[in-house]
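Engineer: Handing you a structure now.
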Amino acid sequence: MRLAELSERSGVSTATIKYYLREGLLQPGHRVTATQAAYGEEHLRRLRLVRALIQIGKVPVAVARDVIAAAEDTSLDHHMRLGAATRALPHPPGPAADDEATGAARRSVDALLEQLGWQDPHDEPSPALGTLVTSVAALARLGYPCDAAHLLPYGRLAAELAVADLDTVEERPTAAGQIEAAVALTVLYEPVLLSLRRLAHIQESARRFGGQEVRPGRSAGPDQAATGA
């Protein structure tokens with residue numbers, strides 16, 4: 001297809017497509033003449049990935065370029081390419097302080113990973129590990145339970161989610177498609193999971209507390225807190 005058709009099918013303006021080509025976010029088309037190139041389905045798929053990263057994931061262009069470069073690094077095996085691509089995505093900062101709460105959070109996280117039987121992340125560091133430690137430390141500072149026993153149900157649910165995610169990724173017929181799917185799903189599914197969790201809270205709160213007076217020692221659910229019930 002020519003550039004105009006690629007623009008029409010993708011919903012991306014020709015000017016933006018040319019910008020992505022200049023920035024290395026989109027692979028060049030197959031040269032037809034000195035001034036024209038032809039594009040295929042792989043370009044359409046790549047455009048969708050780039051738009052998901054930049055528009056929905058709010059990923060800067062430079063970071064999106066790094067994600068795509070990692071996905072295309074054929075010197076890595078498939079597992080490492082998947083990991084490299086997702087590690088290149090933006091992550092919240094890791095622990096900034098090495099205080100008592102951070103130390104306790106690291107111990108809780110290490111104990112959790114051991115109970116889950118997960119590979120030692122120190123052998124293959126992930127930015128997600130630092131984010132997890134930071135979050136657990138914040139819970140500890142506020143006095144909320146955050147030891148391995150309290151975190152274990154969340155870890156088990158995360159393991160089930162990982163199976164569902166990789167099942168979806170494996171449905172793609174090519175290695176390149178699987179890597180692109182892993183990146184896109186990381187960006188697009190996290191808001192889905194957050195929304196479902198909040199909706200589930202409303203349902204569970206209604207089941208537990210709906211129509212009941214909240215007595216001392218019993219927490220109000222999200223709907224009750226919002227309405228003052």
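Any read-out appearing in this document is the output of simple, stated calculations on the displayed coordinates, not a laboratory observation. Quick caveat, the model's predicted, so the values are computed rather than measured.
Engineer: Restricting attention to the range 1-17, and to residues there that are of a type in the set (A, V, I, L, M, F, W, C) and part of a helix (DSSP H, G or I), which single residue is farthest from ARG65 (Cα to Cα)? I'd like the intermediate steps shown before the answer.
Structural biologist: Let us first name the residues in the range 1-17 that are of a type in the set (A, V, I, L, M, F, W, C), namely 1, 3-4, 6, 12, 15, 17.
If we keep only those that are part of a helix (DSSP H, G or I) too, we end up with 3-4, 6, 15, 17.
Details: LEU3: 21, ALA4: 24, LEU6: 20, ALA15: 18, ILE17: 14 Å.
The extreme case among them is ALA4.
Engineer: Next question. Within the range 18-27, is even one residue among the aliphatic types (A, V, I, L, M), closer than 21 Å to ALA88 by Cα and assigned to a helix (DSSP H, G or I)?
Structural biologist: Filtering the range 18-27 down to residues among the aliphatic types (A, V, I, L, M) leaves 21, 25-26.
Next, from what is left, pick out any that are closer than 21 Å to ALA88 by Cα: 21, 25-26.
The next check asks that each one be assigned to a helix (DSSP H, G or I); those that pass are 21.
Yes: the range 18-27 contains one or more residues that are among the aliphatic types (A, V, I, L, M), closer than 21 Å to ALA88 by Cα and assigned to a helix (DSSP H, G or I).
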